[in-house]
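S.K.: The structure's right below; bear with me while I get my questions together.
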Amino acid sequence: MVFVEQGKIVLVNYTGKAVSSGSVFETTDEKKAIEAGLFQEKKKYGAVPIILGEGEMLKAIDSALLAMKEGEEKKLVLQPKDAFGERSQKLIGVVPLKEFQNRKINPVPGMVLDLNDRIARIQSVSGGRVRVDFNHPLAGKEIEYDLKIEKELKSQKEQIESLFEKYFGIIPDNEKKLSIKENKIEISIDAKYASATGQLKKMFSGIITKHVKGIESVKFSEEFTKAEETENKETEIKKPAEKKPAKGKGKK
């Protein structure tokens with residue numbers, strides 16, 4: 001039996017649900033997403049590339065995938081401590097109603113929102129104060145994952161194309177181009193996505209140069225179109241140079 005090794009790139013299908021309610025909270029299966037009311041029109045469903053051992057999924061799931069082989073399926077049940085943690089009273093607090101009014105937000109019980117870069121759920125609103133729960137929505141719950149390693153991606157081309165779609169899949173195909181030239185990747189993206197993809201470019205480039213053998217740099221070009229004129233703006237992110245050990249001083 002051959003297991004997939006750490007650092008390898010595999011295509012994984014998965015569905016996660018809360019054991020107590022049976023409700024699905026994430027899935028790569030379009031049909032299940034529709035049934036659970038999670039379907040997103042712009043999202044492309046299907047197996048996603050996961051780099052094993054890189055912490056892209058919960059640690060317990062990563063460990064389970066490393067103990068599986070290509071084509072294998074597994075049902076994994078996780079206790080709260082191995083999933084999204086236990087609920088904590090320390091993560092429940094009171095925020096002045098004025099804070100929400102300043103942001104033009106009308107808080108109501110049950111509302112889930114991003115508050116100071118943290119996901120929060122409104123518990124109650126009373127007397128100018130808002131009780132907010134910063135616990136993860138699945139904190140304290142036992143969860144279950146259905147996992148399947150569909151395929152290990154072994155060729156450079158399929159690794160790059162799969163990761164490119166993972167990071168830039170939301171951009172229409174006619175507004176992005178990918179080409180592989182020896183040890184370099186060149187990517188062209190419509191300029192209107194420039195600000196929204198800044199961080200993604202860095203993440204993608206770092207992962208590609210670290211995990212895809214033979215790739216030394218990733219070059220991005222943004223196309224600006226007005227009438228029939230096109231201007232290209234290019235940025236290149238190279239693989240960090242390996243540090244060489246300092247040479248010791250020789251005797252004269």
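The values are calculated or read from the model by the stated rules, or taken from the named source; none is laboratory data. As the structure is a prediction and not an experimental result, all values here were calculated from the model. Please note: Cβ atoms are built from the backbone with ideal geometry, for glycine as well, and neighbour counts cover all protein chains shown.
S.K.: For the range 210-228, enumerate the residues that are exposed (fewer than 15 other Cβ atoms within 10 Å of the Cβ) and at pLDDT 75 or above.
M.R.: Listed by number, the residues that qualify are Lys210, Lys213, Gly214, Glu216.
S.K.: Being out of contact with any helix residue (DSSP H, G or I) (no Cβ under 6 Å at 6 or more places or on another chain) and either part of a loop (DSSP other than H, G, I, E, B) or of a type in the set (Ser, Thr, Tyr) (or both) is the filter here, so list the residues in the range 105-131 that pass it.
M.R.: Ile105, Asn106, Val108, Pro109, Gly110, Met111, Asn116, Asp117, Ser124, Ser126, Gly127
S.K.: Another one. From Glu175, Glu161, grab the single residue that is surrounded by 15 or more Cβ atoms within 10 Å (Cβ to Cβ), free of Cβ contacts under 8 Å to residues at least 24 places away in the same chain and not basic (Lys, Arg).
M.R.: After applying the criteria, what remains is Glu161.
S.K.: Still on this structure, I have one more. Return the pair list, or none, for Cβ contacts closer than 9 Å from residues in the range 30-56 that are assigned by TED's automatic domain parsing to the domain that holds Glu70 to residues that are loosely packed, with under 12 Cβ neighbours inside 10 Å and part of a helix (DSSP H, G or I), at least 6 apart or on different chains.
M.R.: Final answer for the pair search is Tyr45/Lys31.
Residues are listed down the side, and each one gets a yes or a no for (1) without any contact (Cβ under 8 Å) to a residue 60 or more places away in the chain; (2) among the aromatic types (Phe, Trp, Tyr); (3) not assigned by TED's automatic domain parsing to the domain that holds Lys148:
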residue: Glu72; (1), (2), (3): no, no, no
residue: Leu78; (1), (2), (3): no, no, no
residue: Lys81; (1), (2), (3): yes, no, no
residue: Ile105; (1), (2), (3): yes, no, yes
residue: Pro109; (1), (2), (3): yes, no, yes
residue: Leu115; (1), (2), (3): yes, no, yes
residue: Gly127; (1), (2), (3): yes, no, yes
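S.K.: Of everything in the range 14-28 that's without any contact (Cβ under 8 Å) to a residue 60 or more places away in the chain and buried (at least 18 other Cβ atoms within 10 Å of the Cβ), which residue is farthest from Lys74 (Cα to Cα)?
M.R.: It comes out as Val24.
S.K.: Here's another thing I want to ask about it. Output the residues belonging to the range 104-142 that are surrounded by fewer than 11 Cβ atoms within 10 Å (Cβ to Cβ) and over 21 Å from the mean Cα position of the chain (by Cα).
M.R.: Result: Lys104, Asn106, Val108, Gly110, Ser126, Gly127, Gly128.
S.K.: While we're on this one: Count, please, the residues in the range 50-103 that happen to be assigned to a helix (DSSP H, G or I) and within 22 Å of the chain's Cα centre (by Cα).
M.R.: Count: 11.
S.K.: When residues of the range 41-64 are filtered for being closer than 12 Å to Leu11 by Cβ and among the charged types (D, E, K, R), how many remain?
M.R.: Adding up the residues that qualify gives 0.
S.K.: Please state which of the following conditions Ile34 fails to meet, knowing it meets all the rest: (1) in contact with a strand residue (DSSP E or B) (Cβ under 9 Å, 6 or more places away or on another chain); (2) loosely packed, with under 14 Cβ neighbours inside 10 Å; (3) farther than 19 Å from Lys151 by Cβ; (4) not polar (S, T, N, Q).
M.R.: (1)
S.K.: Can Ser162 be described as small (Gly, Ala, Ser), over 30 Å from Ser21 (Cβ atoms) and modelled with pLDDT of 95 or more?
M.R.: yes
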